[in-house]
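K.L.:
Sharing a structure below in structure tokens format, with a few things to ask.
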Amino acid sequence: MRYRNVIPAAFVDRPNRFIAHVDLNGHLETVHVKNTGRCRELLLPGAKVFLAGSENPARKTAYDLIAVRKSNGLLINIDSQAPNAVAREWLETQGYDVIRSEYVYGQSRLDFMMERDHERFLMEVKGCTLERNGIGYFPDAPTERGAKHLRELANAAGYQPMLMFVIQMDGIAEVRGNRETDPAFCDALEAARKAGVKIIFLPCHVETDALSYV
């Protein structure tokens, strides 16, 4: 997936989950943050960030904050909508006859349902933006919703269940549960794995204006 009208800025602060202040050419600009996670190790004062211009003139904020350059030089896409877009691009290369988004199953709305050769598949997608020593971790904030999705997948009858981690940075091939942040999610992840849920790691290449699987 590719963004339009991307420009650099410097991160200043984040008053709440939805907005941030950045220094844009010496001007303090309020921008929309396309990720409600904490991103505490990324959104640090002075960090170089990248903004995509909004095409909606009625919006209160003219830009979306989509990526940040970590202190170690790693460029990380933090757009929480990007993983599903990239996952769909990947699914379209896998020979499925049917790909449906936002599929209601049980008490959840899962990201994808696919059909191929009279088999049905369920897939939930999670974006990974947290990196430590060359390993990806998820989540960066507690997510009861994420654990609920894993329980739904673990108990899916008549489907082949899958969990995909879209890794929103270069050079990372593995994602582990972030137990210190969300032990309940990690327990649900291990239970899902033992129940037969297939875990897929999708490595990606990040540019300031694009995210693509590799």
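Each reported figure results from applying straightforward, stated rules to the coordinates on display, with no laboratory input. Remember, predicted model here, so these are calculated numbers, not experimental data. Cβ atoms come from the backbone with ideal geometry, glycine included; neighbour counts cover every protein chain shown.
K.L.:
Quick one: work out the % antiparallel among DSSP beta bridges in segment 6-77, nearest 5.
P.N.:
Antiparallel: roughly 90 percent of the beta bridges in segment 6-77.
K.L.:
Under a Cβ-only charge scheme (Lys and Arg +1, Asp and Glu -1), can you give me the dipole magnitude of the chain about the Cα centre, in debye to the nearest 20?
P.N.:
360
K.L.:
Shifting gears a bit: Name the residues of segment 137-159 whose amide N is less than 15 Å from a point 7 angstrom out from the Cα of GLN107 along the C-beta direction?
P.N.:
Taking a point 7 Å out along Cα→Cβ of GLN107, the residues of segment 137-159 whose backbone N falls under 15 Å are 144-156.
K.L.:
Just from its helices, what would the mean residue ellipticity at 222 nm be for the chain, if runs of 4 or more DSSP H residues each count -39500 (n - 2.57) and the sum is divided by every residue, rounded to the nearest 500 deg cm²/dmol? Spell out each step's value before the answer.
P.N.:
Details: 3 runs with 33 residues, N = 214.
After summing the helix terms and dividing by the residues of the chain, the value is -4500 deg cm²/dmol.
K.L.:
Taking the alpha-carbon distance from LYS148 and a cut-off under 19 Å, which lysines remain once sequence neighbours fewer than 8 residues away in the same chain are dropped?
P.N.:
Here the lysines satisfying the reach criterion relative to LYS148 are LYS126, LYS194, LYS198.
K.L.:
What is the local net charge at ALA62, summed over the other residues whose Cβ is closer than 11 Å to its Cβ (Lys, Arg +1; Asp, Glu -1)?
P.N.:
-1
K.L.:
Related question: What is the extension gain from LYS148 to ALA184, computed as 0.36 nm multiplied by their sequence separation minus the C-alpha to C-alpha distance, in nm to one decimal?
P.N.:
Stretched fully, the LYS148-ALA184 segment lengthens by 12.0 nm.
K.L.:
Can you find, among PHE112, GLN81, SER71, the residue farthest towards the positive end of the dipole of the chain? Put +1 on the C-beta of Lys and Arg, -1 on that of Asp and Glu.
P.N.:
About the Cα centre, the residue reaching furthest to the positive side is SER71.
K.L.:
Cross-link candidates for LYS60: which lysines have Cα within less than 19 Å, leaving aside residues fewer than 8 places away along the same chain?
P.N.:
Hits, sequence-local ones excluded: LYS34.
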